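Chemist: Pasting a structure below so you can have a look.
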Amino acid sequence: MIAQALMNILNPTCLLLICLGVCVGIIFGSIPGLSATMAVVLFLPLSFGLEPANGISLLIGLYMGGISGGLISAILLKIPGTPSSIATVLDGGPMADKGEAGKALGAGILYSAIGSLISIVALIYISPYLAALTLKFTPVEYFAIAIFSLSIIASLSGDSLVKGLLAGLLGIGFSLVGMAPIDAISRFTFGSFELMGGFNIIVLLVGVFAVTDIIMAGLGRKHLDDAYQKKPYHLKGFGVTLREFKEQFGNMIRSSLIGIGIGILPGIGGNVAGLLSYTATKNASKYPEKFGTGIVDGVIASETSNNAVIGGSLIPLLTMGIPGNTVAAVLLGGLTIHGINLGPLIFQKSGVYVYGIFFALIVATLAMLVFERGALPIFVKLLDVPKHILLPIVMVCCAVGAFSSSSRVFDIWCILGFGFLGVVMKYFKIPSTPLIIGFILGPMTEENLRRALQASAGKISVFFTRPISLGFLVAGFLFVAYILYNKYKNNGENTLGEKE
């Protein structure tokens with residue numbers, strides 16, 4: 001089966017389709033408002049007319065390229081091309097401002113490939129064991145995981161924890177708009193049919209990150225060209241020396257493991273993985289105060305983790321038929337159409353195709369590494385484009401991407417609304433990252449809370465009597481306490497320094 005799978009993937013047609021998928025995926029990932037999910041969805045009908053190995057390989061190439069491509073606009077434009085690249089903006093953007101765009105891109109591309117390869121190894125060798133572990137998870141455990149994930153708001157709130165919590169609650173509030181889970185009761189729609197479906201994550205991301213920056217640039221139009229002058233860059237290889245690679249080894253392994261773990265858990269995704277890895281790296285760093293000012297550590301943590309989600313998300317998909325994220329859900333439809341029987345017996349019933357997926361992932365990772373690195377000078381050239389020309393083009397792409405997500409003109413108005421909200425938040429120095437975290441994790445928290453309470457007849461004690469759930473809740477509490485202690489300690493030291 002392994003030999004047959006290898007022959008199928010090394011077929012010239014299959015290799016060409018993988019390369020095509022990677023290139024198209026990178027383009028979709030790098031354009032704000034588009035995403036890997038959109039790329040896979042658009043090419044899914046095309047894959048049905050191909051041989052199973054060819055069709056699946058095309059979709060995998062789109063997946064791989066789409067996730068990695070998001071780092072391009074995240075670094076060069078400070079706009080995450082995909083939700084997975086949210087954390088990349090935090091240090092990638094400042095690195096570009098300091099003239100280190102090439103280094104940030106090179107490191108991001110290299111560690112994207114490394115994270116993908118590590119997750120593929122996990123997929124190949126330990127998927128049966130990790131999949132068996134997730135069988136023990138119930139809504140109780142998923143609620144505890146959501147609460148633990150929400151605790152990272154404490155470390156991303158900047159100088160004011162209150163403002164960070166306010167932004168997080170606002171994000172949760174936006175996630176409540178539309179139809180409620182389980183009973184499908186409409187909430188906060190105010191009689192509007194368009195609000196019945198709630199807000200799309202793509203719309204929120206484009207509005208808060210992209211439109212806000214465009215509006216802010218427009219408000220400072222007199223200094224627009226001065227603020228966005230070309231920044232020189234120097235890049236040799238991938239911008240990471242052997243010494244830096246050794247120094248970042250722990251960061252790489254930790255971020256990969258976080259990405260694989262988040263990928264295995266259904267419904268969370270690369271956006272949370274990137275933020276969790278960024279936070280973990282910041283807390284473990286000897287110089288946490290430098291994060292957010294433009295250091296390569298943050299870029300490596302984010303890009304390693306969000307690409308490691310790819311292999312992790314396929315573990316429950318192949319062995320249990322449970323997609324780990326949105327793109328994996330689309331792949332589930334493609335695999336089913338091609339007659340692949342997902343589940344514990346997949347290696348016996350569809351072994352050739354499973355090994356084919358493993359080889360396709362490896363080829364797609366190498367293709368992504370070669371194509372993105374080879375075209376890096378072209379991507380960095382985006383810095384040369386005058387911003388009074390580039391920003392209107394980006395605005396049009398944002399509008400097209402918002403419309404394409406649901407084919408609604410209403411979403412275009414939404415990105416404008418979220419854009420002005422982002423301006424207000426910047427004016428009052430309220431961080432936007434907690435808003436995104438709250439919006440992403442809000443539905444997961446609510447749905448699993450309600451399911452757990454229904455199954456336990458309303459007993460809250462169920463969250464504290466199950467070991468895994470209790471472990472995550474305690475870890476979240478300790479994490480918040482640690483952050484509060486550090487903030488109190490730092491504030492005390494600053495106050496003492498001022499008195500002296």
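The values are calculated or read from the model by the stated rules, or taken from the named source; none is laboratory data. What you see is a predicted model, and the numbers here were worked out from it, not measured in a lab. Neighbour counts are summed over all protein chains in view; Cβ atoms, including those assigned to glycine, are modelled from backbone coordinates with ideal geometry. What goes into the accessible areas is simple: the full protein's heavy atoms, side chains included, and nothing from ligands, DNA or RNA. Shrake-Rupley method; radii C 1.70, N 1.55, O 1.52, S 1.80 Å.
Chemist: State the answer as a single residue: which of Ala308, Ile340, Val327 lies farthest towards the positive end of the charge dipole of the chain, with beta carbon charges of +1 for Lys and Arg and -1 for Asp and Glu, about the Cα centre.
Modeler: Ala308
Chemist: Sticking with this structure for a sec: Accessible area per residue of the chain at 1.4 Å probe, in Å²?
Modeler: Roughly 44 Å² per residue, with all protein chains present.
Chemist: Any idea how far the Cα center of region 462-476 sits from the one of region 1-34, in Å?
Modeler: 41
Chemist: Let me ask something else about it. Taking the Cα centre of each part, how many Å lie between region 45-61 and region 399-414?
Modeler: Centre-to-centre (Cα) distance: 28 Å.
Chemist: Please name which of Met1, Gly374, Val22 has its Cα lying farthest along the dipole of the chain towards the positive end, using unit charges on Cβ (Lys, Arg +1; Asp, Glu -1) and the Cα centre as origin.
Modeler: Final value for the positive-end residue is Gly374.
Chemist: While we're here: Remind me, relative contact order of the chain in percent, using alpha carbon pairs under 8 angstrom and six or more residues apart?
Modeler: 28
Chemist: Okay, next question. Based on the alpha-carbon gyration tensor of the chain and its eigenvalue square roots a ≥ b ≥ c, which shape applies: rounded if a/c is under 1.5, prolate if not and a/b is larger than b/c, or oblate?
Modeler: Rounded, since a/c falls under 1.5.
Chemist: OK, next. For a protection proxy built on the mean count of beta-carbon atoms within 10 angstrom, sort 56-62, 85-91, 465-471, 286-292 highest first, please.
Modeler: 56-62, 85-91, 465-471, 286-292
Chemist: Something else now. What does the highest-first list of 358-366, 172-180 look like by mean Cβ count within 10 Å?
Modeler: 358-366, 172-180
Chemist: Along the charge dipole of the chain, Cβ charges K/R +1 and D/E -1, which of Leu470, Leu453, Ser116 sits furthest on the positive end?
Modeler: Leu470
Chemist: I've got another one for you. Of all the accessible heavy-atom surface of the chain, with the other protein chains kept in place and a 1.4 Å probe, what percent is carbon and sulfur?
Modeler: Numbers: 15040 of 21840 Å².
Carbon with sulfur: 69 percent of the solvent-accessible area.
Chemist: What is the distance, in nm, between label points placed 7 Å from the Cα along the Cα-to-Cβ direction at Val370 and at Phe188?
Modeler: Going by the 7 Å Cα→Cβ label model, 4.8 nm.
Chemist: Something else now. Could you list, in their original order, any pairs among Lys78/Lys98; Lys136/Lys282; Lys98/Lys489; Lys282/Lys489; Lys78/Lys489; Lys78/Lys236 whose Cα atoms are separated by more than 20 Å?
Modeler: Check vs 20 Å cut-off fails for Lys136/Lys282; Lys98/Lys489; Lys78/Lys489; Lys78/Lys236.
Chemist: Okay, moving on. Sorted by mean Cβ packing within 10 Å, highest first, what order do the peptides 38-51, 247-260 take?
Modeler: Values: 38-51: 17.6, 247-260: 21.0.
Highest to lowest by the protection proxy: 247-260, 38-51.
Chemist: With each run of n ≥ 4 DSSP H residues scored as -39500 (n - 2.57), what mean residue ellipticity at 222 nm is computed for the chain after dividing by its residue count and rounding to the nearest 500 deg cm²/dmol?
Modeler: -23500 deg cm²/dmol
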